[in-house]
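**Q** Dumping the structure here so I can ask a few things about it.
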Protein chains: 2
Amino acid sequence: MAACWMAHCGVKTRIVDKRNAKIFCGQADGLQCRSLEIFDSLGFGDRAWKEANHMIEICMWNPGPDGVIRRSDRIPDTIVGLSRFQQIVIHQGRVERFFLDNIKKYSKDTIHVERGVLPESLEIDKFKVEDESAYPVTVKLRHLSEEEAAPEQQATGSKASDGLFRSNLVYEDDEDDLIQKSKSRAGTAEVVHAKYVIGCDGARSWTRRALGFELQGEASDFIWGVLDIIPITDFPDIRMRCAIHSAEHGSLMVIPRENKLVRLYIQLKEVTPDASGRADRSKITPEVIFSAAQKILSPYKLDYEYCDWWTAYQIGQRVGTSFDAHSRVFLAGDAVHTHSPKAGQGMNVSMQDTFNLGWKVALAAKGIAKRSILSTYQSERQSVAQDLIDFDHRFSRLFSGRPAKDVMDAEGVNMDEFKAAFLKGNLFASGLIVNYGPNSLVAKAGEDDGSNSATVVSADVFAKTQALATGLPVGMRFNSFKVINQADARPWHFQEKLKSNGQFRVVLFAGNILSATQKKRVEKFCEALGAPANFLHAATPAGSPLDSVIDVLTIHSAKRTETDLLKDFPEILHPFDPHTGWDYDRVFVDDASYHEGFGDAYKNYGVDKERGCVVAVRPDQYVGWVGDVEDFDGLQKYFEGCLVLSPKTELPLR
Amino acid sequence: MAACWMAHCGVKTRIVDKRNAKIFCGQADGLQCRSLEIFDSLGFGDRAWKEANHMIEICMWNPGPDGVIRRSDRIPDTIVGLSRFQQIVIHQGRVERFFLDNIKKYSKDTIHVERGVLPESLEIDKFKVEDESAYPVTVKLRHLSEEEAAPEQQATGSKASDGLFRSNLVYEDDEDDLIQKSKSRAGTAEVVHAKYVIGCDGARSWTRRALGFELQGEASDFIWGVLDIIPITDFPDIRMRCAIHSAEHGSLMVIPRENKLVRLYIQLKEVTPDASGRADRSKITPEVIFSAAQKILSPYKLDYEYCDWWTAYQIGQRVGTSFDAHSRVFLAGDAVHTHSPKAGQGMNVSMQDTFNLGWKVALAAKGIAKRSILSTYQSERQSVAQDLIDFDHRFSRLFSGRPAKDVMDAEGVNMDEFKAAFLKGNLFASGLIVNYGPNSLVAKAGEDDGSNSATVVSADVFAKTQALATGLPVGMRFNSFKVINQADARPWHFQEKLKSNGQFRVVLFAGNILSATQKKRVEKFCEALGAPANFLHAATPAGSPLDSVIDVLTIHSAKRTETDLLKDFPEILHPFDPHTGWDYDRVFVDDASYHEGFGDAYKNYGVDKERGCVVAVRPDQYVGWVGDVEDFDGLQKYFEGCLVLSPKTELPLR
């Protein structure tokens, strides 16, 4: 994900991976709504959507009065109306493939994953970290031979002995082993001088250890196994996502997958940690896991011929003490948060870490954004990680507990409480309720993170401006509704126009452009926007097109057929190019479509249809600022807080 | 398209093309709803949908009382509710790319376009044409050198001299020229013995001439030019599809395209045919065409810097006298129908020709279908071609005529009449009103085409059975509504389950499966279906899976959550496989979805929710037969009429 941003933003990048192959099966598999919105903004949401299994319904199974499991509830897997996407499931190997193809396309084949490359040392020159032109990070890399880098990956379908590869039950440090090997052989070494380094190297992160940072938290006694199989069963809900609590044998989660596969998360009640808190790894085999599943599912029969992958893990929750060093070296994903995999959060939250970080590093590296925005990575993502860990802590204990026999059974888990936690968890798991606090990129009231107190506003003022767009809370992602292109009447989900290319956006809700009063307000705003001294020109590097840093998009609320792009809208909203004519792809209207209904965008965004408002959107689709059409100064101040501005005296050609 | 069917059906195939490169720009560009449904059934509808420009609205422009053009009407480009797709525009080169990729994938890289290969002779051994094991067609091929095969294709953006390449204004026979060249050089020759040959070789078809067949029809005096440009203009509807009649300077059609391109079809009033009926080609240049466009669009300004492609054509309508020889050699596309390109029908109807033909040839070649079905190609497609030619004749005269000044102006074209013709034409152009007559594949009343009178039923009987599914007219394509998978609650457009893989389908509308009476009816039907002597087993080659020729799909109308796949439906509707368990992808329910609304399929298909019915669907998604759940004999008779049946005495393993 981080490299993907660099490819889209044109930043020189290297990716090194000690393994010599990508993932082919197993590992993470769930893609949440927000991840799909992100994939779509990068250009490959459709590939995931087409190939994946779509999870639609969750069925809850609990013991009835007779102690036999029965379906107690059905709920939609994705909360209705939350996003234009729903949760889907596809194995991590395909997700890696989508990224690799996308990086190749956008980097014009210049960024590749260099496999079999191991970092040996990392040093930061503390005296140069604030020097914008410096390369203060030095990394020594060693290139491994093919054999050295071979991962112990389980071959598809085989009953390989090491299904525990990459499980947190594997205590042997295979990385140290790799280093040992590489030292004993004639690998070539090289020294890389970098502006920035991002360590996305997993729960046992080499980068984290090199920085001297730690994961804090604890393991539980709960041990779970995972099987990816094609099930042969009479269990009626095997193609639904199921949460099953058996009376005595533990719990099980069913995740229906692509290609007839089903993933089973199975509580292993008969495997318990020893005095040191660690489970005896030798006792965990696919047979043990499968036998536990059969007991939980009884009286339904379960069998399989084909197993794609298996593993086991001990539930634990840990979060990193620090996410970056000097805003030059960053940690992301499992390197700063580990937890149980059942809620499908590991891959999603990890990708969202670097989706938050990537554009910040890219724009800082290019000199477009101030370096001070880099500190918002830790302030924004550490609280997400903490929320995740807290959620997982509560949820996994409810899931691993024995169901209560009756209201007097205080030790058991109350199934109503479990359902309530599940519903709440589902909302959390969608990734859509993330709400970043005030900082240099999020202009709202509250305690700022120190990155730039200038953009933090008083609670009174903020309440007033936020009221201009109640459906676009500052700090949350820009929700999507359908709007119509003014020039060609084509409906678009507005989010489709917020591609991940590094651009900030100013979204002008122009209101009723046919009213003379409103038109004057809009014209005045556009006049300010066009002034060479203001942020739009000042943020644009000399000689670059005016939309290279900030893109201006308009949504108006008059009738489409009564409005004319060329007559009714100031030129800066649909700029003229002497080579290709007017720009027909920037002005949209909140009106009904012929074939795809009416998005009712103004109502859904909570914006007044007559007077509109202005919204600043970050490159990662998060709302950064909301203000009135007259509040150009507020908008100017927002961009002054995060971008490097050099006012121009002349209007650049487009 | 023909080769695509062979790839999907696993038939050994060669494609030869005298040109040494595919199309890169220009040529056909419109994709109609039916073509998109077909693309989707082949697996690449999404690629076209994503890349293309979507045409949403048609604006009509005519002279006002002052003689100046003004917008008189807006209508949706695609009739609302007709299909799940709408008309889109993308250049022919991309469409060819989608096909090439799809053929490569499905043929496992065994079918390629062999370019620079010219046919020299074609002979049919008349005594062997009915011999199923024979290869009665002999074709001699010559391999050209690279220079010989180079097409005179206009390079993108350049102002090449020969924009008229492949235009019907090019009278020089460049093919004869190629043959001449190939004779003078040492090209290698080979002789191919084929079961079937399909000539998709254009308006000047070598195959057609080799068979001695002709195109009949006539040319008009109307000459039109075509420009693919990035327009620089103040014309407000340049991103809409527009039909523009100027008072004195002729007519123009605007087709907004992908990548900022716009295609203009421009009437050339100042270029007229000579006494022989042919236009003077030397007078037609991009400048002449562009100048005509400027006059028509006046007082709006039009300019361009970039031209992607240009051509000109003389409107004429011709249709082939015969579409096949001995059901062994077939002609398709421009080889049997030519007309004006403005309605975007050429590429669409041509692809639909071979979409009709391909599976018939494939199944006959594999011995699955009777050879007698091959005669339905001509009977089905010749009438479509005739309808197209008639439509184009009327439409192009209305479009090329001068608009009437007032009601007394009898020579002018009445603009209300034009609009009515346009609306009707739009319905025709969608490709969705094609209704094949009775024959061995279409069991309905009427005069049969001689291929198999056994399947033709009396008008009385037919009216009764058709009434069982009023929304699924026999002879028309199976319309698509959303249904829900019983096992996993996922919504699907039902057409997504009718993939183009050569399978016939039996769609069982099982009705209210929770009613005991109805369940008995369904069980009786399934019992008959399971009998080894009946069509399902008899059509399946020994040792093949039971769904290899005919796929059985179910849509029931009870509540999803009250129904259970394993308990409520006979096994044959969701067959058990000892290796992979039950089949979860064949039983669907007409119920509401969480996220994608309610398809209301029974109502839309006009099927009784209680009692249901049975529908046989051809491999090309056309409805072949409709009958009651009790009418197993009628269904049996339908398949006896078109498939090679060899009753089995034993049930084959799945």
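Where a number appears in this text, it was derived from the coordinates with a stated rule and is not lab data. Quick caveat, the model's predicted, so the values are computed rather than measured. Note that each Cβ is placed from the backbone with ideal geometry, even for glycine, and that neighbours are counted across all protein chains shown.
**Q** Just tell me the longest site-free run in chain B, where the sites are GluC sites (Glu not before Pro) in a DSSP loop having at most 15 other beta-carbon atoms within 10 Å.
**A** Within chain B, the longest run free of exposed GluC sites (Glu not before Pro) spans B:448-595.
**Q** Shortest first, in nm, what separates the label point of residue A:217 from those of the same position in the other copies (7 Å along Cα→Cβ)?
**A** 7.0
**Q** Let me ask you something else. When only C-alpha pairs under 8 Å and at least 6 residues apart count, what is the relative contact order of the stretch A:453-642, in percent?
**A** Relative CO of the stretch A:453-642 lands at 35 percent.
**Q** Taking a cut-off of 28 Å, what percent of all Cα-Cα pairs in the stretch B:2-429 are separated by more than that?
**A** Result: 51 percent of Cα pairs exceed 28 Å.
**Q** Apply the Karplus curve 6.51 cos²θ - 1.76 cosθ + 1.60, θ = phi - 60°, to the phi angles in the stretch A:105-115 and return the couplings in whole Hz, x for Gly and Pro.
**A** 5, 7, 8, 6, 6, 9, 9, 10, 7, 8, 8
**Q** Using only Cα atoms and rounding to the nearest 10 degrees, what angle (0 to 90) does helix B:33-42 make with the longest principal axis of chain B?
**A** Result, in degrees: 50.
**Q** List the relative contact order of the stretch B:39-82 as a percent without decimals, with contacts defined as Cα pairs under 8 Å and 6+ residues apart.
**A** 30 percent
**Q** Of all the residues in chain A, which one has the C-beta that comes nearest the axis relating A to B, and what is the distance in Å?
**A** Looking at chain A's Cβ atoms against the axis toward B, the nearest is A:46, 3.
**Q** Would you mind ranking B:255, B:38, B:230 so that the residue whose beta carbon has the fewest other beta carbons within 10 Å leads the list?
**A** Lowest count first: B:230, B:255, B:38.
**Q** Tally the DSSP beta bridges in the stretch A:453-642 and give the antiparallel ones as a percent, rounded to 5.
**A** Counting only bridges with both partners in the stretch A:453-642, antiparallel ones make up about 65 percent.
**Q** Right, another one. Determine one quarter of the surface area of the Cα convex hull of the protein assembly as shown, which equals its mean projected area, and express it in nm² to one decimal.
**A** Computed as one quarter of the Cα hull surface, the answer is 55.4 nm².
**Q** Considering only DSSP beta bridges with both partners in the protein assembly as shown, what is the antiparallel share in %, to the nearest 5?
**A** 80 percent
**Q** Per-residue HN-Hα couplings for the stretch A:53-59, Karplus 6.51 cos²θ - 1.76 cosθ + 1.60 at θ = phi - 60°, whole Hz, x for Gly and Pro?
**A** Each residue of the stretch A:53-59 in turn: 7, 9, 8, 10, 10, 10, 10 Hz.
**Q** Over the Cα atoms of the stretch B:188-333, how large are the radius of gyration and the largest Cα-Cα distance (Dmax), in Å?
**A** 19.9, 62
**Q** Enumerate the amide H contacts of residue B:120 below 5 Å, restricted to partners 5 or more residues apart or on another chain; note that Pro and chain-start residues carry no placed amide H.
**A** Those qualifying (amide H under 5 Å, at least 5 residues apart or on another chain) are B:140, B:141, B:142.
**Q** A further question on this structure: In nm, one decimal, shortest first: how far is the label point of residue A:66 (7 Å from Cα along Cα to beta carbon) from the matching points in the other copies?
**A** The answer, with the shortest distance listed first, is 8.7 nm.
**Q** Given H placed 1.01 Å from N in the peptide plane, which residues other than close sequence neighbours of residue B:58 have an amide H under 5 Å from its amide H?
**A** Amide H neighbours of residue B:58: B:75, B:77.
**Q** Within a 10 angstrom radius of the beta carbon, how do B:638, B:106 rank from fewest other beta carbons to most?
**A** In order of increasing Cβ crowding within 10 Å: B:106, B:638.
**Q** Residues with amide H under 5 Å of residue B:222's amide H, sequence separation 5 or more or different chain, H placed in the peptide plane at 1.01 Å from N; which?
**A** HN-HN under 5 Å from residue B:222: B:315.
**Q** Return one number: the angle in degrees, 0 to 90 and rounded to the nearest 10, between the long axis of the Cα atoms of helix A:174-184 and the longest principal axis of the Cα atoms of chain A.
**A** Approximately 90 degrees, to the nearest 10.
**Q** Can you give me the Kirkwood hydrodynamic radius for the stretch B:433-576, using every pair of distinct Cα atoms, in Å to one decimal?
**A** 17.1 Å
**Q** Taking the C-alpha atoms of the stretch B:189-272, how large are the radius of gyration and the largest Cα-Cα span, Dmax, in Å?
**A** 20.1, 59
**Q** Output wanted: per-residue J couplings in Hz (rounded whole) for the stretch A:500-508, from phi through Karplus 6.51 cos²θ - 1.76 cosθ + 1.60, θ = phi - 60°, x for Gly and Pro.
**A** Those phi angles translate into 7, 10, x, 6, 6, 10, 10, 9, 8 Hz.
**Q** Separate question: Between residue B:51 and the same site in the other copies, what are the distances in nm, shortest first, taking label points 7 Å from Cα along the C-beta direction?
**A** The projected label point of residue B:51 is separated from its counterparts by 1.9 nm.
**Q** Let's see if you can work this out: charge +1 on each Lys and Arg Cβ, -1 on each Asp and Glu Cβ, no other charges. What is the dipole magnitude of the stretch A:242-343 about its Cα centre, in debye to the nearest 20?
**A** Dipole of the stretch A:242-343, to the nearest 20 debye: 160 debye.
**Q** Let me have the relative contact order for chain B, percent, based on Cα pairs under 8 Å that are six or more residues apart.
**A** 14 percent
**Q** So how do B:6, B:476 line up by other beta-carbon neighbours within 10 Å, fewest first?
**A** Arranged by neighbour count, lowest to highest, B:6, B:476 become B:476, B:6.
**Q** A follow-up question, please. Work out the length of the dipole vector of chain A about its Cα centre, built from +1 on the beta-carbon of each Lys and Arg and -1 on the beta-carbon of each Asp and Glu, and round it to the nearest 20 debye.
**A** Charge dipole, chain A, about its Cα centre: 640 debye, nearest 20.
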